[in-house]
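The structure under discussion appears below in the form of structure tokens.
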Amino acid sequence: MRYDFLVIGGGSAGYAAARTAHDLDAKVAVVDGAPELGGLCILRGCMPSKTLLYAAEALHHARMGSVFGLRIPEAEADLAAMQARKRDIIREFAEYRQDQLNDGRFDFYRSTAAFCDSKSVKLSDGSILEADKILVATGSTVNVPNVPGLLDVPVR
């Protein structure tokens, strides 16, 4: 199959590039072979961390209510509920991304891809995709900084 633009990776950057190329009337394909669809931002980065940060901020504001003339007798964190909310947010955004990738604007392949040359890739099922332009948007990995004692801190 031949395309104007092929994106390897269906995370935030890959999806944004595919959407933009489609909006410019390109024939677009997206290939993503990750076990979970959504990319680092949705699955383990931006969305989960911001959900927990927002909960912490809301708790802080509740505890500081008296500054604003509010009487809030007791404000405490329910960690199980916070984790459940985080999981719900991840699920909702991952499902939404999957719907976006399958909405017909471009061809979407659940597969890995290996370059044959600068204009073609071979999918894990053996099929070949060709494109005038290919973007590798396979994301990133979490990097644990080299801070003495960091790995000794218990994770909860």
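Tabulated data for the structure shown
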| quantity | calculated |
| --- | --- |
| Neighbour-count ranking [beta-carbon atoms within 10 angstrom, fewest first] of Met1, Met47, Met82 | Met1, Met82, Met47 |
| Computed lengthening from Lys27 to Phe115, 0.36 nm per intervening residue step minus Cα-Cα distance | 29.8 nm |
| Neighbour-count order for Ile8, Ile89, Ile128, fewest beta carbons within 10 angstrom listed first | Ile128, Ile89, Ile8 |
| Vicinal HN-Hα couplings computed from phi for the stretch 61-77 (Karplus, 6.51 cos²θ - 1.76 cosθ + 1.60; Hz; Gly/Pro x) | 4, 4, 5, 9, x, 4, 4, 9, x, 9, 10, 10, x, 8, 10, 9, 7 |
| Loop-resident sites, the stretch 14-122, for trypsin sites (Lys or Arg not before Pro), counting at most 10 other Cβ within 10 Å (DSSP) | Arg71 |
| Candidates Ala18, Ala75, Ala131, ranked by Gaussian network fluctuation over the chain, Cα under 10 Å, top entry | Ala75 |
| Amide H partners (placed H, <5 Å) of Phe108, local residues excluded | Val30 |
| Cα-based reach from Lys50 at 14 Å (exclusive), listing aspartates and glutamates while leaving out same-chain residues under 8 positions away | Asp88 |
| Estimated vicinal HN-Hα couplings, Hz - the stretch 14-24 in sequence order (Karplus 6.51, -1.76, 1.60; Gly, Pro = x) | x, 5, 4, 5, 5, 4, 5, 4, 4, 5, 9 |
| GluC sites (Glu not before Pro) within the stretch 35-133, DSSP loop, no more than 14 other Cβ atoms inside 10 Å | Glu36, Glu74, Glu76 |
| Student exercise, the stretch 3-99 dipole from Lys, Arg, Asp, Glu Cβ charges, in Debye to nearest 20 | 280 debye |
| Under 5 Å, built H, 5+ apart or other chain: amide partners of Lys27 | Asp4, Phe5 |
| Mean-position separation - Cα centroids, the stretch 1-62 and the stretch 97-156, in angstrom | 11 Å |
| Summed side-chain charge close to Asn102 - residues other than Asn102 whose Cβ falls under 15 Å, Lys, Arg +1, Asp, Glu -1 | -1 |
| Length-normalised contact order of the chain in % [C-alpha pairs under 8 Å, at least 6 apart] | 36 percent |
| The stretch 40-92, relative contact order [Cα under 8 Å, separation at least 6], % | 47 percent |
| Candidate values (i) 1.18; (ii) 1.13; (iii) 1.40, label of the one derived for Cα Rg over 2.2 N^0.38 Å | (iii) |
| Expected 222 nm ellipticity per residue - DSSP helices of 4 or more, -39500 (n - 2.57), all of the chain, to 500 | -12000 deg cm²/dmol |
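Values quoted throughout were computed directly from the atomic coordinates according to the rules given, and no laboratory measurement underlies them. All values derive from a computational prediction rather than experimental measurement. Note that we place each Cβ from the backbone using ideal geometry, even for glycine, and neighbour counts take in every protein chain shown.
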